[in-house]
Amino acid sequence: MTRNKRTGLAPGRRSKYAMLVFWLVLIAAAGPLAVKLTEVQDNDTLGALPATAEASRALQRAEEAFPDSRKPLAVAVYVRAGGLTDADRAKAEADRTAFLGYADSGQVPPPVPSEDGQALLLSFPVAGDAGQRADAVADIKAQLENAPAGLRTALTGPAAAEDDVFDAFAGMDATLLLATAATVALLLLVTYRSPVLWLIPLVTVALANQLASAVVYLLARHAGLAVDFQSQSILTVLVFGVGVDYALLLIARYREELRRHADRHAAMAVALRRSYGAIGASAATVALGLLCLLAADLPSTRGLGPVGAVGIAAAFLAMTTLLPAVLVIFGRWLFWPFVPRYSPDAVKLDVAAEHGVWRRIAGFVGRRPRPVWLSTAAALVALSFGIGNLSIGLPGDETFTTEVGSITGQRMIEAHYPGGTVAPAEVLAAARSADQVVAAARTVPGVAEVGEPEPSPDGRWVRVAAVLTHPPDSDEALATVDRLRDAVHAVPGAQALVGGDTAYLIDEERTVGRDNRIVVPLVLAVVFVILVLLLRALVAPLLLLASVVLSYVAAMGAAGLILDAMGYPKLFVGIPLQTFLFLVALGVDYTIFLATRAREETARLGHRPGVLHALAVTGGVITSAGVVLAATFGALSVLPLVPSVQTAVIISVGVLLDTFLVRSLLVPALALDLGPRTWWPSALARLAGSRPEDGIDAQLKRRPSSRRKAQTAMPASTTIQTPSMTIEVGRAE
């Protein structure tokens, strides 16, 4: 038998070569497109809010009414401890003249001195597109460096921050890819202990990544798909992580079948048939979970969904078509020096030598399942208390893992000017109500200064800058802007809108809160439905879903301890939702791999021996898959952004908890404690405790009367021999 009955994808003697040629042609077409993915990145979505948010509406009005608002502001700061000298002021004036060529309006306002006489500010919008602004910022920084001895200078503001981001991520695409590939290669080499085999899944997943990148590029170019640096980075990590997981699962099953079949084509057909359901359910869970992000309002979160789903689809396709073909083409010698040899008695052989560690773990879980799951759950609950170390809201000056020039300049300004000087709140209102709006703004506690209204060129609108007393990302500033909005909204006919950095933070927090309330239940519902369809039960899916939710909470707590020690306890607002999605969708993968094998073995052996045998034979491969996925996401920590480091820590910790505690101890122990009711309401729940030596498969074919008779005749307990252990099985009560 050389063809997979269920999927029709198992490679035959001729079709394996056709599949290889198909993929070579596909990659030849996809490769040139994949390298263009960075060309369609739109990193503006990383900081964008929904169009309905007040900060977004204020920004749109400002860009329409005031052309200079479309260009990022550069702020040059000059500081001398003890007071500025005449030479310092002359330097600032000379720089002001030099900066005229870079200003969007061709004008640079006079320097603004601080009250303590130790600082000056020059601010102006930078002209040109992104490339021209990058050149201009480089020239401006060079101009600032030529300063009198003792005078500290820095460039900050949105234009400088934009340039710092570009500098920080220069070459990061290649660095992340190399770090991910090196991590996966090392772990595969350790897993297989073969000088050749590890190359096959690594090359296959690299080709899957090329295919995914090409598809995302085409969707971004022609279908309007939003792609940013974050989603592209996660695409790479996701394809490598889940792709290798699928490869490990398939290769492990293929190795088993090679001992049972003399023909490697037949072995692959059986391996594909028996693993395809678990791999397909895993891919569907993660892909559909990612697509749930389309319900989010925050553009960066919403855009991550389709990009990630494309990556999952590419990994699934490559690992169920290309990988089997290549494995069959090369034959058994790929496993050298541990080549699986065909044995007619392989089904009857005790595999304790191969699964020794996990056979002992299964025995430990089987002896006292209730204490095992209670103590494991207690440990996870204890870890969850570490959440208290985390807080939501990452200040702008803590976004990078190392201090950059724009952050240095911001801190210099905060030391000599009111906290909101660099990022004042901006009020946009109808010109006819300008005086009333200014008067209302000046009554708001926490507003240090309200500037004169600046009319738009068409005379319809005014722009009013309101400098806040406190730094723009502080709780006090957030409360001040809320009060400011209430005050100016109350002015009749003003149509006032309040924007700026602090207003953005308020709207971002509210948007994320709304996304959490919508997306989290949606993800849980999708995962639950997939589990019900896969396991044809209700109790087992509820058990698995509850376990991964508990694992997520524990992962956040454990990550709280780690991130606090690293100095990054303030989470970017989008992190909780994104990590929830990945940990629930990816975490349930391992329990899917275990549960599908447990259901298969339960139908053959009975519930208790089936669950324990499934744990023993899948333990090694699932643990390897979990370690690979955790290490792959850990590669995100090479990026110089704190949110990337936070994502790496939370997901890596969560995957390891799922691998070593949830899937290895909690889920099998709970299933044993619940007994055959785990599979309720399927027929397996009624029969899983009956005559395991007869095999449940055979019982399912009996008539109901025979089935009841068999259950009645079952002894109180019976001892059976599974392929990996001898287990005494009690009758289901």
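Going residue by residue through segment 516-523, is there one that turns out to be farther than 24 Å from ARG597 by Cα, surrounded by fewer than 24 Cβ atoms within 10 Å (Cβ to Cβ), at pLDDT 90 or above and of a type in the set (D, E, K, R)?
Looking for residues that are farther than 24 Å from ARG597 by Cα, surrounded by fewer than 24 Cβ atoms within 10 Å (Cβ to Cβ), at pLDDT 90 or above and of a type in the set (D, E, K, R), one finds at least one in segment 516-523, hence yes.
Could you go through segment 467-475 and let me know if any residue there is over 25 Å from GLU398 (Cβ atoms) and either not aromatic (Phe, Trp, Tyr) or not in a helix (DSSP H, G or I) (or both).
No, segment 467-475 contains no residue that is over 25 Å from GLU398 (Cβ atoms) and either not aromatic (Phe, Trp, Tyr) or not in a helix (DSSP H, G or I) (or both).
Name the helices (runs of 4 or more DSSP H) wholly within segment 1-111 that hold at least 3 residues that are more than 35 Å from the chain's Cα centre (by Cα) and modelled with pLDDT of 90 or more?
Because the criterion is at least 3 residues that are more than 35 Å from the chain's Cα centre (by Cα) and modelled with pLDDT of 90 or more, the helices (runs of 4 or more DSSP H) in segment 1-111 that meet it are 86-99.
Does THR376 count as assigned to a helix (DSSP H, G or I), out of contact with any strand residue (DSSP E or B) (no Cβ under 7 Å at 6 or more places or on another chain), polar (S, T, N, Q) and not assigned by TED's automatic domain parsing to the domain that holds LEU73?
yes
To keep it simple, each residue is scored yes or no on (1) free of Cβ contacts under 8 Å to residues at least 40 places away in the same chain; (2) crowded, with 22+ Cβ neighbours inside 10 Å; (3) within 44 Å of the chain's Cα centre (by Cα); (4) not in a loop (DSSP other than H, G, I, E, B).
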{"position": "LEU428", "(1), (2), (3), (4)": "no, yes, yes, yes"}
{"position": "ARG432", "(1), (2), (3), (4)": "no, no, no, yes"}
{"position": "ASP435", "(1), (2), (3), (4)": "yes, no, no, yes"}
{"position": "ALA448", "(1), (2), (3), (4)": "yes, no, yes, yes"}
{"position": "PRO457", "(1), (2), (3), (4)": "no, no, no, no"}
{"position": "VAL462", "(1), (2), (3), (4)": "yes, yes, yes, yes"}
{"position": "ALA465", "(1), (2), (3), (4)": "no, no, yes, yes"}
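For segment 525-547, indicate whether the set of residues that are under 26 Å from GLN60 (Cβ atoms) and either in a helix (DSSP H, G or I) or not small (Gly, Ala, Ser) (or both) is non-empty.
The answer is no, given that none of the residues of segment 525-547 is under 26 Å from GLN60 (Cβ atoms) and either in a helix (DSSP H, G or I) or not small (Gly, Ala, Ser) (or both).
Since THR719 meets every condition but one in (1) within 21 Å of GLY356 (Cα to Cα); (2) assigned to a helix (DSSP H, G or I); (3) touching a Ser or Thr at 6+ places or on another chain (Cβ under 8 Å); (4) modelled with pLDDT under 85, which condition does it not meet?
(2)
Within segment 394-401, is even one residue loosely packed, with under 15 Cβ neighbours inside 10 Å and in contact with a helix residue (DSSP H, G or I) (Cβ under 6 Å, 6 or more places away or on another chain)?
For segment 394-401, residues loosely packed, with under 15 Cβ neighbours inside 10 Å and in contact with a helix residue (DSSP H, G or I) (Cβ under 6 Å, 6 or more places away or on another chain): absent.
Check LEU249, LEU298 and return the single one that is closer than 30 Å to ALA53 by Cα, crowded, with 22+ Cβ neighbours inside 10 Å and assigned by TED's automatic domain parsing to the domain that holds VAL205.
After applying the criteria, what remains is LEU298.
Among the numbered criteria (1) touching a strand residue (DSSP E or B) at 6+ places or on another chain (Cβ under 7 Å); (2) buried (at least 21 other Cβ atoms within 10 Å of the Cβ); (3) not assigned by TED's automatic domain parsing to the domain that holds ALA648, which single criterion is violated by LEU390?
(3)
Okay, residues lined up against (1) at pLDDT 80 or above; (2) under 30 Å from LEU561 (Cβ atoms); (3) among the aromatic types (Phe, Trp, Tyr):
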position	(1), (2), (3)
VAL642	yes, yes, no
VAL655	yes, yes, no
PRO676	yes, no, no
SER690	no, no, no
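If we keep just the residues of segment 482-503 that are assigned to a helix (DSSP H, G or I) and over 21 Å from GLU63 (Cα atoms), which is farthest from the chain's Cα centre (by Cα)?
So, considering only residues that are assigned to a helix (DSSP H, G or I) and over 21 Å from GLU63 (Cα atoms), the one farthest from the chain's Cα centre (by Cα) is ALA487.
Can you tell me which residues in segment 542-564 are closer than 19 Å to GLY277 by Cα and surrounded by fewer than 23 Cβ atoms within 10 Å (Cβ to Cβ)?
Correct list: LEU545 only.
Only one residue in SER123, SER105 is under 22 Å from PRO67 (Cα atoms), in contact with a Gly (Cβ under 7 Å, 6 or more places away or on another chain) and hydroxyl-bearing (Ser, Thr, Tyr), so which one is that?
SER123
Quick check on this structure: which one of ASP129, ASP116, ASP88 is farther than 13 Å from GLY409 by Cβ, in contact with a His (Cβ under 7 Å, 6 or more places away or on another chain) and of a type outside the set (Ser, Thr, Tyr)?
Every option except ASP116 fails the conditions.
Run GLY305 past the list (1) in contact (Cβ under 8 Å) with a residue 60 or more places away in the chain; (2) in a helix (DSSP H, G or I) and report the number of the one that doesn't hold.
So GLY305 meets the others, but not (1).
Please find, within segment 476-525, the residue that is nearest to GLY393 (Cα to Cα) out of those that are in contact with a Leu (Cβ under 7 Å, 6 or more places away or on another chain) and of a type in the set (Asp, Glu).
Among those residues, the one meeting the criterion is GLU508.
Would you call ILE530 surrounded by 16 or more Cβ atoms within 10 Å (Cβ to Cβ) and in the same structural domain as TYR552 (by TED's automatic domain parsing)?
In short, yes.
The values are calculated or read from the model by the stated rules, or taken from the named source; none is laboratory data. Predicted, not measured: the structure shown is a model, and the values here were computed from it. Backbone-built Cβ (ideal geometry, glycine too); neighbour counts: all protein chains shown.
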